[in-house]
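Visitor: Handing you a structure now.
A short reminder: the numbers here are calculations on the coordinates, not readings from a lab. A quick note: this is a predicted structure, and the numbers were derived from the prediction, not measured. Note that each Cβ is placed from the backbone with ideal geometry, even for glycine, and that neighbours are counted across all protein chains shown.
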Amino acid sequence: MNKEKRTIILYVAILCMILIGCLTLTVFVVPSFFQESTRIVTMIIWIAITIIAIPIENDHTRFKGKSEKIKTTLIIVTIYYIIYFLLGLIVGYKRSPYSRGFFMIIKNLFYVVGLIAIQDYVRSKVINNQRKMINYILFTFIFVLLRLDYTEGFKVFSSGEKIFEYIASVIIPELAKGCVCSYLAISGGTLLVYAYSIPVAIFQVLTPIFPDLDWFLTSIFDVLISFIIFLYNNYEHTIKTTRLTRREKKKINPIRKIPAIMILLITAAFIAGFLPIKPVAIMSYSMVPTFSRGAIVISVKMNETDLHKLKVGDILHYKAENGEVIHRIINIKQDKDGKLLFQTKGDNNNTADSKLVEEEQIIGCIKMYIPYIGYPSVWFNEIILQKKSFITI
């Protein structure tokens, strides 16, 4: 066995021991993975690993187009966060989970940003030691596992819905970040990885507020930036390492992917309800024969003026105690303050709903429906998420 293979095996063993240690501490020793003592020990271990990694030799010492790739990555990250932050003007903002005290900011910069810098340095070293696909896959997977918060992870096993949300909002974005960081390490070395990971980490620590996006859209944006950075860096790498004609360069230019990306964003905004209309999958038979289980209905959002235009016979989409409901208005009343109260009933139900619907509960009014195409969402919610009422898709 040659020296390079022994080095790879050694690092796999060390990183796996760290992973097992983190899991052990999380489950059996400390209530929180990010407790102070654990953070200190973790940082010391990673500093020691970094020192060991310094003499590791790479397969090559030069990366073609490195400076252009770094500039491109920094520009993409900057534009991304400007757009991301401006979304708060539409959806509102929420406070950062990090403390805003001066010394706490310094501490978080050390433990969060510093740890990411150390890990990505080690990532670049071990992946470039032997540029093989198995090393890329193996270390990408290991580093993704090392960056997961297992305290939160073990809490999700209470329901299928929480498991799905954790996979979609945490594991998939982390996999996307891990893959693009490993790719950047191969195509540009440590500094190129830093051009992506360090600004992202600094933004998370220093920014006092964030756009109040739900987990679905946050996941979409996290995966999207990883995908865009990969596209542009792959383009830079291809034109620097391969002789291409002007037509071939134009054909692989990432700008050509912008329409597809815009369609993806609009679709995500439509599904998440950021547009004036929202699709909803029906999981019950309460509105037969108007529409049945498996239909997709289009809920149109309503403002205060629109509420006063509602009339008996319109179909409401509103929030209830156990979820959301789509039923028809059968009567309209007013309370002592002049606010509207709506009595609703499912077309297929024998009796009216037991509680009146208040203005604050109303999400929208149903304007159209498409039969059958919502069945995949129905089956997914019943089998995976174990829900028995309808849910938005």
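Visitor: With Cβ to Cβ distances under 10 Å as the rule, what net charge do the other residues near Phe210 carry (K, R +1; D, E -1)?
Guide: Neighbourhood net charge equals +1.
Visitor: With θ set to phi - 60°, apply the Karplus curve 6.51 cos²θ - 1.76 cosθ + 1.60 along region 288-294 and write out the HN-Hα couplings as whole Hz, x wherever there is a Gly or Pro.
Guide: Working through the residues one at a time gives 5, x, 4, 8, 10, 3, x Hz.
Visitor: Against the empirical 2.2 N^0.38 Å scaling, what ratio does the C-alpha Rg of region 257-336 come to?
Guide: In units of the 2.2 N^0.38 Å rule of thumb, it is 1.35.
Visitor: Arrange the following residues from fewest to most other Cβ atoms within 10 Å of their Cβ: Ile228, Ile332.
Guide: Lowest count first: Ile332, Ile228.
Visitor: Next question. With 10 angstrom as the radius, rank Lys251, Lys125 by how many other C-beta atoms surround their C-beta, starting from the fewest.
Guide: In order of increasing Cβ crowding within 10 Å: Lys251, Lys125.
Visitor: Shifting gears a bit: Classify region 59-131 as rounded, prolate or oblate from the Cα gyration tensor: take a ≥ b ≥ c as the square roots of its eigenvalues, call it rounded if a/c is under 1.5, otherwise prolate when a/b beats b/c and oblate if not.
Guide: oblate
Visitor: May I ask which of Lys125/Lys257; Lys301/Lys333; Lys177/Lys250; Lys71/Lys250; Lys66/Lys249 have a Cα-Cα span longer than 24 Å here? Intermediate results must be reported in sequence, preceding the final value.
Guide: Values: Lys125/Lys257 32 Å; Lys301/Lys333 21 Å; Lys177/Lys250 27 Å; Lys71/Lys250 20 Å; Lys66/Lys249 18 Å.
From Lys125/Lys257; Lys301/Lys333; Lys177/Lys250; Lys71/Lys250; Lys66/Lys249, over 24 Å: Lys125/Lys257; Lys177/Lys250.
Visitor: Hey, another quick one. Around Leu341, which amide H atoms from residues at least 5 apart in sequence, or from another chain, sit under 5 Å from its own amide H, with H modelled in the peptide plane?
Guide: When sequence neighbours closer than 5 places are left aside, the close amide H contacts are Lys333, Gln334, Asp335.
Visitor: Just from the alpha-carbon atoms, what are the Rg and Dmax of region 277-392 in angstroms?
Guide: 14.0, 45
Visitor: Rounded to whole Hz and in sequence order, give me ³J(HN,Hα) for region 237-249 from the Karplus expression 6.51 cos²θ - 1.76 cosθ + 1.60, θ = phi - 60°, writing x for Gly and Pro.
Guide: Running phi through 6.51 cos²θ - 1.76 cosθ + 1.60 with θ = phi - 60° gives 5, 5, 6, 8, 10, 10, 7, 10, 6, 4, 5, 5, 5 Hz.
Visitor: Grab the Cα-Cα distance for Leu307 and Trp215, subtract it from 0.36 nm times how many residues apart they are, and report the gain in nm with one decimal.
Guide: Extending this stretch completely gives an extra 30.2 nm.
Visitor: What value does region 205-343 have for Rg/Rh, both radii from Cα atoms and Rh as Kirkwood defines it?
Guide: 1.19
Visitor: Between Ile332 and Ser67, 0.36 nm times their residue separation minus their Cα-Cα distance comes to what?
Guide: So the chain would gain 88.8 nm between Ile332 and Ser67.
Visitor: Assign unit charges at the C-beta atoms only (+1 for Lys and Arg, -1 for Asp and Glu), then state the dipole size of region 277-392 relative to its Cα centre in Debye, rounded to the nearest 20.
Guide: Magnitude of the dipole: close to 220 debye.
Visitor: How long is the gain from Thr245 to Gln204 if the chain were fully straight, where each residue apart is worth 0.36 nm and the alpha carbon distance is subtracted?
Guide: Computed gain between Thr245 and Gln204 is 10.6 nm.
Visitor: Quote the Stokes-Einstein diffusion coefficient, in whole µm² s⁻¹, for region 299-351, based on the Kirkwood radius over alpha carbon pairs, a temperature of 25 °C and a viscosity of 0.890 mPa s.
Guide: Details: Rh = 12.0 Å.
In µm²/s, the coefficient is 204.
Visitor: Can you tell me the FRET efficiency between Leu356 and Glu324 if r is taken as the Cβ-Cβ distance and R0 is 22 Å, rounded to the nearest 0.05?
Guide: 0.85
Visitor: Please list 3J(HN,Hα) in residue order for region 219-229, calculated via the Karplus relation 6.51 cos²θ - 1.76 cosθ + 1.60 where θ = phi - 60°; whole Hz, with x for glycine and proline.
Guide: 5, 4, 5, 5, 5, 5, 5, 4, 5, 5, 4
Visitor: Taking the Cβ of Asn348 as the center, what net charge do the other residues with Cβ under 12 Å away carry, scoring Lys and Arg +1 and Asp and Glu -1?
Guide: My count for the surroundings of Asn348 gives +2.
Visitor: Okay, next question. What is the order of Tyr318, Tyr196, Tyr372, Tyr81, fewest Cβ neighbours within 10 Å to most? Let's see the in-between values first.
Guide: Working: Tyr318 21, Tyr196 25, Tyr372 10, Tyr81 16.
Result, fewest neighbours first: Tyr372, Tyr81, Tyr318, Tyr196.
Visitor: Would you please put 185-193, 285-293 in order of how densely packed they are, using the mean number of other Cβ atoms within 10 angstrom per residue and starting with the highest?
Guide: 185-193, 285-293
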